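Peer 1: One structure, as structure tokens, below. Some questions next.
Any read-out appearing in this document is the output of simple, stated calculations on the displayed coordinates, not a laboratory observation. Keep in mind that what you see is a predicted model, and the values were worked out from it rather than measured. Cβ coordinates were reconstructed from backbone atoms using ideal geometry, including for glycine residues, and neighbour counts include every protein chain displayed.
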Amino acid sequence: MSTIVATLGTDRARRLRAALTTLLVAAVAVSAPFYFAPFQVFQLTMVLLYAVALAGLNLLVGFGGQISLGHGAFFAAGAYTAAVMLDRYDTGHLATLPVAAAGCFLLGLGFGVPALRLRGLYLALVTLAFAVFLPPLLKRLEPVTGGSMGLTVDKLQPPAWSGMAEDQWTYFVVLAVTAVSLLLARNLLRSRVGRALLAVRDNESAAEVMGVRLSLHKTLAFAWSALFAGVAGCVYTWVIGFVSPDSFSFVLSITLLAGLVVGGLASLYGPLLGAAFVMYVPSVAQDISEAAPGVVFGLLIIAVMFVAPTGLAGLAGRVRGTAARRLIRTTTPAADDDRPSGSEPSAPPTPADPAAVDAEPVGAPPRPEKE
Amino acid sequence: MTEPTTDSTEAGQVNAEPDFLKVAGLHAGYGQARVLQGLDFSVARGEVCAILGPNGAGKTTTLRALCGMVRGRGSVTLNGTELLGRSPEQTARLGVAHVPEGRGTFNDLTVEENLRIGAHVRTGRWRRGSAERVAVAADLERIYDYFPKLRQRSRQAAGSLSGGEQQMLAIGRALMLRPALLLLDEPSLGLAPLVTRELFEIVRAVNEEERTTVVVVEQNAQLALDVAHRAHVLEAGRLLLSGPSREIREDGQVAEVYLGVSVRSAKDGGAP
């Protein structure tokens with residue numbers, strides 16, 4: 001037992017653990033639709049697709065240090081791209097994905113331009129304006145968008161060979177899109193572009209002195225972020241089969257941002273937790289109070305931020321860190337036991353200094369959460 | 001104008017390119033405040049040059065003007081290329097690496113990621129793919145050899161390092177650029193004397209092994225003069241004194257400047 005604990009902090013153990021976690025998560029994710037009722041599978045599907053949007057927003061807000069209150073608009077743009085293509089041109093579902101992604105990337109590039117001149121609250125205001133003005137615009141463009149009636153299109157249908165029900169097939173398609181998206185986001189962050197993005201967030205002038213093009217990377221952050229939101233929107237159309245301007249009011253943008261913050265900014269799996277929060281908590285709130293679910297939802301957000309100021313992901317990391325330290329302390333030889341347990345801040349029993357530090361940001365990236 | 005003639009006399013014995021970095025008539029400031037009022041000096045290739053002077057003399061502003069963080073008038077050429085009027089990002093691409101005052105490390109990134117940001121401009125182009133990547137990996141090792149402490153901490157967040165280690169990281173990051181010109185702004189700021197000495201020894205080693213031209217701004221004149229070949233003393237945005245470090249150290253004027261006594265030499269009096 002103690003040898004297992006002693007190797008907990010090492011590199012190999014970390015990699016092994018990461019592989020095991022991945023396998024476990026994959027197994028659960030793949031088997032889930034066969035154990036749950038169709039409606040629950042649908043809810044899971046929605047969690048996955050919101051997670052894509054949140055991962056995109058995370059690139060911009062969490063890792064890029066910018067802000068957007070208008071991501072619902074990119075989501076809507078992706079959704080409408082898919083709906084219009086399916087409705088008017090009768091392309092297959094799959095064809096809509098690259099178009100929505102590329103379209104939103106370009107839209108994001110365009111939107112990155114004001115981001116170069118504005119920051120903080122000013123940027124928030126401009127992006128909010130985008131989210132506010134899009135639904136009326138969609139209503140006006142009736143010949144293409146179907147106006148306030150919206151568009152009804154085909155949902156994803158399972159091919160005969162799969163033998164799956166519609167909800168299961170949809171779930172798996174969305175799971176695949178989400179997995180690829182999250183992987184892409186992760187690799188993006190570890191690439192040269194991602195490093196530059198983080199450097200700009202950390203210290204703009206130092207990044208510039210090192211030759212990082214601020215304008216390029218800030219704009220790119222917007223573009224990538226919009227791409228993910230667009231992909232999520234496109235998949236939304238596949239799942240729901242209906243889009244209308246009212247589905248994408250500016251409340252969606254606020255909800256996305258709230259979900260991200262609750263889930264955990266600048267965390268790789270924060271978007272998943274945030275998406276689950278956004279998906280499930282409103283219905284929990286509904287159960288608690290029929291009259292004012294919004295109030296309960298808001299109170300729950302406040303409660304989470306109070307308990308976990310770094311979001312649910314940060315809370316999970318902290319709990320795991322404490323658990324690991326407890327484990328190490330209780331399993332190290334008796335010599336330490338007669339030490340008064342009050343004097344623990346410097347944690348003497350941990351084997352070597354680097355290992356102790358390594359034990360903190362267990363899990364995904366070598367990059368620790370912001371405190 | 002101070003006379004430039006004293007500049008290129010003794011450094012010439014080491015060097016064929018006395019005007020590798022040439023600053024002529026440099027004016028710079030922040031908004032209304034004009035800090036530099038016509039500065040002239042040259043730095044030879046492969047030389048370590050110290051810029052000394054009391055607080056507010058314009059030392060930091062000089063460095064910022066060289067790397068483009070502050071707009072300047074006049075002329076600054078590096079190996080014949082004009083640097084003024086370029087952004088910091090452009091001067092970095094021309095090989096100017098600036099280690100800003102207060103280090104400017106990226107605290108949420110790991111040590112290694114910080115170093116890789118240093119090589120950002122080298123890995124930009126598609127066509128320079130794999131060969132450059134190998135070179136960057138080799139440079140990373142080289143930096144770790146200079147700063148073994150950074151190797152130990154390569155996966156730690158830069159924010160968790162001590163002040164001295166962060167300064168090492170900032171210098172290492174700048175070296176990853178393979179700079180033609182390394183600008184160091186107050187490397188001793190907030191560090192223990194022993195750590196500062198260690199840092200300067202490394203700067204000397206880097207200069208000797210890589211032949212990197214270094215301009216260092218420093219409050220600790222004694223230390224800077226130990227490492228530098230030449231020194232320029234600023235006062236109130238003007239050049240007060242230039243010469244080989246040995247001479248500057250023996251010159252009584254320096255002490256007076258650092259004591260805050262305004263010494264107006266004859267040559268300085270002629271400036272407008």
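Peer 1: In nm, to one decimal, how far is the modelled label at A:ILE288 from the one at A:GLU142, with both set 7 Å along Cα→Cβ?
Peer 2: It is 4.3 nm.
Peer 1: Here's another thing I want to ask about it. Using a 7 Å offset from the Cα along the Cα-to-Cβ direction at both B:GLN222 and A:ILE301, what is the distance between the two label points in nm, to one decimal?
Peer 2: Between B:GLN222 and A:ILE301, the label points sit 6.0 nm apart.
Peer 1: Further, regarding this structure: As a footprinting exposure proxy, order A:CYS234, B:CYS67 by other Cβ within 10 Å, with the fewest listed first.
Peer 2: Fewest-to-most Cβ neighbours within 10 Å comes out as B:CYS67, A:CYS234.
Peer 1: Give me the dipole magnitude in Debye, nearest 20, for region A:38-278 about the Cα centre, with unit charges on the beta carbon: positive for Lys and Arg, negative for Asp and Glu.
Peer 2: The dipole magnitude comes to about 740 debye.
Peer 1: Give, in whole angstrom and from largest to smallest, the semi-axes √(5λ) of the equivalent ellipsoid of region A:38-278, with λ running over the eigenvalues of the Cα gyration tensor.
Peer 2: For region A:38-278, the semi-axes come out at 30, 20, 15 Å.
Peer 1: Determine ³J(HN,Hα), in whole Hz, for all residues of region B:27-37 in sequence, where each value follows from phi through the Karplus function 6.51 cos²θ - 1.76 cosθ + 1.60 and θ = phi - 60°; x replaces Gly and Pro.
Peer 2: Using θ = phi - 60°, the values come out as 10, 7, x, 10, x, 6, 6, 8, 9, 9, 10 Hz.
Peer 1: First measure r as the distance between the Cβ atoms of B:ARG249 and B:ALA192, then evaluate 1/(1 + (r/R0)^6) with R0 = 30 Å and state the FRET efficiency to the nearest 0.05.
Peer 2: E(calc), rounded to 0.05, equals 0.85.
Peer 1: Report the FRET efficiency, 1/(1 + (r/R0)^6), for A:THR21 and B:SER160, where r is their Cβ-Cβ distance and R0 is 25 Å, rounded to 0.05.
Peer 2: 0.50
Peer 1: Looking only at other chains, what is the average number of their beta-carbon atoms within 10 angstrom of each beta-carbon in A:196-206?
Peer 2: 6
Peer 1: Kindly write out, for region B:204-209 in residue order, the coupling ³J(HN,Hα) from the Karplus curve 6.51 cos²θ - 1.76 cosθ + 1.60 (θ = phi - 60°), rounded to whole Hz, with x marking Gly and Pro.
Peer 2: With coefficients 6.51, -1.76 and 1.60, one gets 4, 4, 4, 4, 6, 7 Hz.
Peer 1: Would you mind giving the mean number of other chain beta-carbons within 10 Å of the Cβ of each residue in A:210-221, as a whole number?
Peer 2: Average neighbour count from other chains, rounded to a whole number: 5.
Peer 1: Also, I was wondering about something else. Given C-alpha coordinates of the protein assembly as shown, what is the ratio Rg to Rh with the Kirkwood estimate of Rh?
Peer 2: The Rg/Rh ratio comes out at 1.06.
Peer 1: In peptide B:102-109, what is the residue-averaged number of other protein chain Cβ atoms found within 10 Å of each Cβ?
Peer 2: The mean count of partner-chain Cβ atoms within 10 Å per residue comes to 6.
Peer 1: Further question on the same structure: Rank the residues B:HIS232, A:HIS71, B:HIS27 as a footprinting-exposure proxy: fewest other Cβ atoms within 10 Å of their Cβ go first.
Peer 2: So the ranking, lowest neighbour count to highest, is B:HIS27, B:HIS232, A:HIS71.
Peer 1: With unit charges on the beta carbons (Lys and Arg positive, Asp and Glu negative) and the dipole taken about the Cα centre of the protein assembly as shown, which residue among A:GLY241, A:LEU299, B:LEU94 sits farthest to the positive side?
Peer 2: It is A:GLY241, whose Cα lies furthest towards the positive end.
Peer 1: Same structure, new question: Which whole-number percentage describes the relative contact order of chain A, with Cα contacts under 8 Å and a sequence gap of 6 or more?
Peer 2: Over chain A, the number comes to 28 percent.
Peer 1: Ranking A:TRP161, A:TRP238 by Cβ neighbours within 10 Å, fewest first, what do you get?
Peer 2: If I rank by nearby Cβ atoms, fewest first, I get A:TRP161, A:TRP238.
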